[in-house]
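J.: Have a look at this one.
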Amino acid sequence: EAGELIAIVGPSGAGKSTFLHLLAALDTPTSGTVYFEGKAIESFREMELANYRNRSIGFVWQRHHLLADFSAAENVAMPLLMRGAKYGEALETSERWLREVGLGARLKQRAGELSGGEQQRVAIARALVQQPALLLADEPTGDLDERNAMSVFELMQRLHREHRLTSILAT
């Protein structure tokens, strides 16, 4: 249901990541149908799929997949730039989200120069910058030490509550 925070828990190889990939339309089901807001994702044309992924889904990966030579702010702005936002507006929105995740002092820092916990916070801001209907997180703390993992998990819970997100986390 909209507004829920759900954890998908299971051992490695159980299909948690595959399930998230199906929800994000990154994979196609071999059987069955995935619906989003009452519409079968498989019926989306190519442009509808691209818009669905860019506007409706925010995805946080275990490995953050940031562009190392770009600043934190530029990494977060990418989804907005890809949808045609003006550079200055995208950066302004990006910076607001980076402050939201506690990285206001690291806006211009290159992603490759940030710690693992900071990089994951950038990835969370990037996932949320377009205000998606659904936040998917695939092992978002798997590459972090225990202290950073707890900090990131608490951040995700806070953002879920404060922004009334619908979130599915695999762990």
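The values are calculated or read from the model by the stated rules, or taken from the named source; none is laboratory data. Computed from a predicted model, the values in this text were never measured in an experiment. Every residue, glycine among them, receives a Cβ derived from its backbone with ideal geometry; neighbour counts consider all protein chains shown. With ligands, DNA and RNA removed, areas are computed over all heavy atoms of the protein, side chains included. Shrake-Rupley method; radii C 1.70, N 1.55, O 1.52, S 1.80 Å.
J.: From the residues in the range 125-171 that are hydroxyl-bearing (Ser, Thr, Tyr) and part of a loop (DSSP other than H, G, I, E, B), which one is nearest to Ala2 (Cα to Cα)?
T.: Ranking the qualifying residues of the range 125-171, first place goes to Thr166.
Per-residue answers, yes or no, for (1) in contact with a His (Cβ under 6 Å, 6 or more places away or on another chain); (2) within 15 Å of His21 (Cα to Cα); (3) among the polar types (S, T, N, Q); (4) open to solvent by 30 Å² or more (accessible area, probe 1.4 Å):
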position: Tyr35; (1), (2), (3), (4): no, yes, no, yes
position: Gly38; (1), (2), (3), (4): no, no, no, yes
position: Ser43; (1), (2), (3), (4): no, no, yes, yes
position: Glu48; (1), (2), (3), (4): no, no, no, yes
position: Asn51; (1), (2), (3), (4): no, no, yes, yes
position: Val60; (1), (2), (3), (4): no, yes, no, no
position: Ala68; (1), (2), (3), (4): no, no, no, yes
position: Ser71; (1), (2), (3), (4): no, no, yes, no
position: Asn75; (1), (2), (3), (4): no, no, yes, no
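J.: If you don't mind, there's one more thing I want to ask. For the range 1-112, list the helices (runs of 4 or more DSSP H) that sit wholly inside it and hold at least 1 residues that are over 27 Å from Ala149 (Cβ atoms) and at pLDDT below 90; which are they?
T.: 46-51, 72-82
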